[in-house]
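Worksheet: the structure to be examined is printed underneath.
The values are calculated or read from the model by the stated rules, or taken from the named source; none is laboratory data. Since the model is a prediction, treat every value here as computed from it, not as a measurement. Counting neighbours? That spans all protein chains shown, and the Cβs are built from the backbone with ideal geometry, glycine included.
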Amino acid sequence: MSILSSVDMATKLMHAVQYDSYGGGAAGLKHVEVPVPTPKKNEVLVKVEATSLNPVDWKIQKGMLRPLFLPRKFPHIPGTDIAGEVVEVGPEVKDFRTGDKVVAKLGHEYGGGLAEFAVANESLTVARPSEVSAAEASALPGSGLTAHETLTRIARVKLDKTGESKNILVTAASGGVGQYAVQLAKLGNTHVTATCGARNLDLVRSLGADEVLDYKTPDGAALRSPSGKKYDAVVHCATGIPWSTFEPNLTENGKVIDLTPSFSSLMTWALKKLTFSKKQLVPFFVTAKRENLSYLVNLVKDGKLKSIIDSTYPLSKAEDAWAKSIDGHATGKIIVEP
Ligand SMILES: NC(=O)c1ccc[n+]([C@@H]2O[C@H](COP(=O)([O-])OP(=O)(O)OC[C@H]3O[C@@H](n4cnc5c(N)ncnc54)[C@H](OP(=O)(O)O)[C@@H]3O)[C@@H](O)[C@H]2O)c1
């Protein structure tokens with residue numbers, strides 16, 4: 001049974017924020033009233049309680065990711081990382097009922113998160129325990145899954161400390177992804193060096209980093225570990241750092257996992273492959289998996305992982321949240337609440 005009948009929902013309007021074309025930044029966002037979406041057979045309709053932003057949201061608006069993540073069509077309601085309550089379920093949904101609290105990852109091609117209601121595929125929706133707030137949960141999908149996959153699949157860190165010891169560098173450790181990368185890396189058998197701005201040195205240390213470098217100092221800019229350690233893997237969340245800076249800091253088989261592949265980093269990747277270099281640059285794109293999201297939610301529930309929240313905005317001020325994300329200086333995640 002649904003909290004609101006399907007007829008009610010289909011005729012109901014909701015507040016949403018959307019854009020009509022590429023470009024425009026925060027000023028390109030429009031506040032609209034649109035019909036509440038109807039869940040398809042494998043989808044749940046979620047009354048959104050929190051949505052977190054990711055840089056990819058405004059990069060898609062800018063057209064930077066064409067043709068990879070085209071919005072399916074304009075107008076487009078952005079936002080993919082939501083937490084809320086299920087108010088209606090599609091006929092083939094098995095694991096959820098109305099009233100369930102959930103967190104979900106929506107697809108970039110459809111988005112939908114900056115709205116009062118959004119539809120989520122069951123396959124990327126997980127239950128949210130009462131101990132985990134909507135804001136903390138909504139922070140997890142894009143950023144947490146990225147940190148988790150880079151560390152476990154590419155850097156091969158075992159998060160139960162059963163693996164061999166590894167030296168990990170996390171750049172931009174104060175950002176949405178970096179904060180989780182530091183915390184998750186420390187669940188494994190690792191030594192973690194992290195870079196961030198001076199104002200966040202203590203925060204990043206408190207997340208578990210063994211060594212923290214201010215990226216505006218000479219040693220920080222050179223990514224030099226204070227203890228002289230070379231890195232087995234770099235979770236590279238910052239941008240604009242050339243291969244020549246990483247290279248002397250890597251172990252013989254060290255990998256730089258590049259979250260923001262550019263033309264020049266793709267060239268480096270190709271060159272390293274062609275020359276059979278043991279040191280590698282790995283261009284990375286996250287693959288969202290439900291079991292990994294569930295794992296992260298449970299870590300938060302158990303107090304083993306926390307979501308650092310930079311700021312929270314009401315949906316009516318979504319453009320301010322958008323501008324804050326474009327600015328690139330958030331500490332942790334930016335949240336929008338309907
Ligand atoms: N490929 C994928 O699948 C994937 C997935 C998720 C994210 N990403 C990408 O990964 C990147 C990071 O995302 P995010 O959400 O973590 O970004 P974010 O939250 O916007 O990062 C902001 C933080 O980065 C810090 N920062 C900026 N430049 C830095 C530098 N050179 N050294 C150290 N810290 C620096 C800033 O510190 P200050 O304020 O002190 O400057 C700020 O705290 C973005 O480009 C995003 O698009 C890719």
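Yes or no: Ser143 within 9 Å of the ligand (Cβ to nearest atom), within 20 Å of Ser307 (Cβ to Cβ), outside any loop (DSSP other than H, G, I, E, B) and at pLDDT 95 or above? Here the answer is yes, as Ser143 does meet what is asked.
Being farther than 27 Å from Ile241 by Cβ and hydrophobic (A, V, I, L, M, F, W, C) holds for only one residue in Ala318, Ala288, Ala330, and it is Ala318. Residues in the stretch 180-203 that are surrounded by 24 or more Cβ atoms within 10 Å (Cβ to Cβ) and among the small types (Gly, Ala, Ser) were compared, and the one that is nearest to Ser225 (Cα to Cα) is Ala194. The lone criterion from (1) within 14 Å of the ligand (Cβ to nearest atom); (2) farther than 30 Å from Leu68 by Cα left unmet by Leu187 is number (1). For the stretch 242-288, taking the residues that are of a type in the set (Phe, Trp, Tyr) and near the ligand (Cβ under 10 Å from one of its atoms), the one that is nearest to the chain's Cα centre (by Cα) is identified as Phe285. Residues in the stretch 204-226 that are surrounded by fewer than 19 Cβ atoms within 10 Å (Cβ to Cβ), within 22 Å of the chain's Cα centre (by Cα) and aliphatic (A, V, I, L, M): there are none.
Output the residues belonging to the stretch 55-71 that are within 15 Å of the ligand (Cβ to nearest atom), surrounded by fewer than 23 Cβ atoms within 10 Å (Cβ to Cβ) and of a type outside the set (Lys, Arg). Within the stretch 55-71, Pro55, Val56, Trp58, Gly63, Met64, Leu65, Leu68, Phe69 qualify.
Return a yes/no flag: does the stretch 218-229 have any residue that is within 15 Å of the ligand (Cβ to nearest atom) and within 30 Å of His108 (Cβ to Cβ). There is no residue in the stretch 218-229 that is within 15 Å of the ligand (Cβ to nearest atom) and within 30 Å of His108 (Cβ to Cβ). A residue that is in contact with a helix residue (DSSP H, G or I) (Cβ under 6 Å, 6 or more places away or on another chain) and within 18 Å of Ala209 (Cα to Cα) cannot be found anywhere in the stretch 318-327. Among the residues of the stretch 37-73, just one is touching an Asp or Glu at 6+ places or on another chain (Cβ under 6 Å) and at pLDDT below 95, namely Arg72.
Would you be able to say whether some residue in the stretch 79-101 is over 23 Å from Leu299 (Cα atoms), within 14 Å of the ligand (Cβ to nearest atom) and surrounded by fewer than 19 Cβ atoms within 10 Å (Cβ to Cβ)? No, the stretch 79-101 contains no residue that is over 23 Å from Leu299 (Cα atoms), within 14 Å of the ligand (Cβ to nearest atom) and surrounded by fewer than 19 Cβ atoms within 10 Å (Cβ to Cβ). Annotation: Thr152 fulfils all but one of (1) under 30 Å from Leu250 (Cβ atoms); (2) within 16 Å of the ligand (Cβ to nearest atom); (3) surrounded by 24 or more Cβ atoms within 10 Å (Cβ to Cβ); the unmet one is (3). Take the conditions touching a residue at least 12 places away in the same chain (Cβ under 8 Å), touching a Pro at 6+ places or on another chain (Cβ under 6 Å) and of a type in the set (A, V, I, L, M, F, W, C) and apply them to Leu315. Does it pass? Taking the combined requirement at face value, the residue satisfies it. For the stretch 201-217, the set of residues classified as within 13 Å of the ligand (Cβ to nearest atom) and either in contact (Cβ under 8 Å) with a residue 24 or more places away in the chain or at positive phi (or both) consists of Leu203, Val204, Leu207, Ala209, Val212, Tyr215, listed by residue number. Would you call Glu337 surrounded by fewer than 21 Cβ atoms within 10 Å (Cβ to Cβ), touching a Phe, Trp or Tyr at 6+ places or on another chain (Cβ under 8 Å) and of a type in the set (D, E, K, R)? The answer is yes for Glu337. Among the residues of the stretch 289-317, what is the count of those that are assigned to a loop (DSSP other than H, G, I, E, B) and either more than 16 Å from the chain's Cα centre (by Cα) or among the acidic types (Asp, Glu) (or both)? Count: 3.
Among residues of the stretch 154-169 that are in a strand (DSSP E or B), those with a Cβ under 6 angstrom from a residue that is of a type in the set (S, T, N, Q), sequence gap 6+ or separate chain, pair up as Lys166/Thr190; Ile168/Thr190; Leu169/Thr193. Take Ser52 and decide whether it is more than 11 Å from Ala115 (Cβ to Cβ) and crowded, with 22+ Cβ neighbours inside 10 Å. It is true that Ser52 is more than 11 Å from Ala115 (Cβ to Cβ) and crowded, with 22+ Cβ neighbours inside 10 Å.
For Val282, the conditions (1) more than 30 Å from Pro248 (Cα to Cα); (2) in contact with a helix residue (DSSP H, G or I) (Cβ under 9 Å, 6 or more places away or on another chain); (3) outside any helix (DSSP H, G or I) all hold with the exception of (1).
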